[in-house]
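Just below is one structure, and these are the notes that go with it.
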Amino acid sequence: MAQIGTDRRAAKKFLEAGNVVGIPTETVYGLAGNALNPDAVLTIFRVKNRPSFDPLIIHTDALEKIHQFVTNIPEQAQLLADQFWPGPLTLLLPKRDVIPDIVTSGLPMVAIRIPNHPLTLDLLRSLDFPLAAPSANPFGYISPTTAQHVADQLGDQVPYILDGGPAGVGIESTIIGFENNVATVFRLGGIALDQIERVIGPVVVHTHSTSNPSAPGMLSSHYAPRKPLRLLAPGESPRPHERAGALVFREPFGGLHPANQRVLSPTGNLNEAAKNLFAHLRALDMLPIDVIYAEPLPNEGLGFAMNDRLRRASVQ
Ligand code: TXA
Ligand code: MG
């Protein structure tokens with residue numbers, strides 16, 4: 001069973017030996033390994049049961065280091081990096097040969113970010129390689145936002161989980177690429193669209209579900225709990241039912257048992273809602289219910305990214 005602790009040096013030792021380790025970030029917990037070591041990267045794919053065509057994000061601690069990994073940083077990418085790093089933003093940039101092909105699934109771009117978590121930044125500073133890290137969940141399941149979530153699902157396959165407390169943002173990073181000089185958002189995430197557009201102007205959003213291995217972005221089956229999740233229409237209430245639960249924004253539905261419902265933010269704060277989203281979804285998944293209803297979030301700020309996750313988690 002994995003040891004959970006706050007010992008950065010223990011994490012460093014395991015990583016230097018080619019092992020994978022759970023690490024905290026401000027978005028979700030990552031399953032980290034030496035990004036420059038193909039065997040360590042292979043272990044990440046194996047532990048997560050992740051298909052090899054779904055590339056990984058690499059994490060580093062300083063902008064100066066990025067040039068070791070990429071051949072070029074477009075002007076818009078630089079503006080976004082200056083504004084949002086460290087933070088929940090991932091940039092797709094043309095990779096250098098030092099990044100093994102297995103990291104990018106053979107694609108010419110590498111996904112890269114500087115996460116905003118003090119413990120992980122310290123860890124990255126102490127290493128002489130970047131960390132490849134997908135979210136530390138089995139492929140297709142809800143992303144972990146605490147060390148315990150990681151232990152619950154991958155604990156028998158990782159030697160160490162670095163505990164940095166509950167993730168402060170709670171949803172994954174926003175992913176942006178710049179092919180043909182057009183800034184394109186491939187995944188909505190912890191930096192909202194309006195924040196991005198304030199820095200570089202209008203962007204293209206291209207987050208359609210795909211199972212096309214060569215296309216960047218996400219698979220449609222992501223983020224799903226084990227129980228069927230039904231995303232309600234705005235204003236719609238679920239029919240009263242004994243064995244139904246609900247994920248709601250501000251207040252529980254009248255027709256369902258209060259114990260079967262989880263409120264994301266009683267004050268209607270979308271950042272608080274994002275922070276609670278995955279933990280509440282996990283909690284609902286453990287209840288003796290047959291279906292989870294989810295209320296859509298307002299389409300503003302992080303609400304877009306949360307609705308995107310709920311749509312992907314829901315049964316069609
Ligand atoms: O917030 C986050 O980004 C978290 C934390 C741990 O940093 N990581 C994360 O990783 O969400 P993961 O592997 O669960 O999701 C990464 C997404 C995948 O959908 C993948 O397809 C996309 O990034 N991606 C990675 N490299 C890419 C590339 N070279 N081109 C296009 N998409 C890429
Ligand atoms: Mg993931």
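The values are calculated or read from the model by the stated rules, or taken from the named source; none is laboratory data. Bear in mind the structure is a predicted one, so any value in this text is a computation, not a measurement. Cβ coordinates were reconstructed from backbone atoms using ideal geometry, including for glycine residues, and neighbour counts include every protein chain displayed.
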### Query
Would you pick out the residues in the range 128-147 that are surrounded by 17 or more Cβ atoms within 10 Å (Cβ to Cβ) and more than 19 Å from Asp54 (Cβ to Cβ)?
Phe129, Thr145, Thr146, Ala147
### Message
So, in the range 60-89, exactly how many residues are loosely packed, with under 14 Cβ neighbours inside 10 Å, of a type outside the set (Gly, Ala, Ser) and either in a loop (DSSP other than H, G, I, E, B) or not assigned by TED's automatic domain parsing to the domain that holds Arg125 (or both)?
### Response
4
### Query
Mind checking which residues of the range 7-53 are among the acidic types (Asp, Glu) and away from ligand 2 (no atom under 16 Å from the Cβ)?
Asp7, Glu16, Asp39
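Table: residues versus (1) without any contact (Cβ under 8 Å) to a residue 12 or more places away in the chain; (2) under 15 Å from the mean Cα position of the chain (by Cα); (3) away from ligand 2 (no atom under 14 Å from the Cβ); (4) not in a helix (DSSP H, G or I).
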| residue | (1), (2), (3), (4) |
| --- | --- |
| Leu91 | no, yes, yes, yes |
| Asp97 | yes, no, yes, yes |
| Ile102 | no, no, yes, no |
| Ala111 | no, yes, no, yes |
| Asp122 | no, no, yes, no |
| Arg125 | no, no, yes, no |
| Tyr141 | no, yes, no, yes |
| Thr145 | no, yes, no, yes |
| His149 | no, yes, no, no |
### Message
With of a type in the set (D, E, K, R) and modelled with pLDDT under 95 as the only criterion, which of Glu197, Glu179 stands out?
### Response
Glu179
### Query
Mind checking which residues of the range 162-173 are under 23 Å from Arg309 (Cβ atoms) and more than 16 Å from ligand 2 (Cβ to nearest atom)?
Gly164, Gly165, Pro166, Gly168
### Task
Give the range 92-123 a look and list any residue that's closer than 19 Å to Ser135 by Cα and charged (D, E, K, R), or say none.
Arg113
### Task
Working only within the range 127-139, note down all residues that are assigned to a loop (DSSP other than H, G, I, E, B) and either in the same structural domain as Asp285 (by TED's automatic domain parsing) or under 24 Å from Gly177 (Cα atoms) (or both).
Phe129, Pro130, Ala133, Pro134, Ala136, Phe139
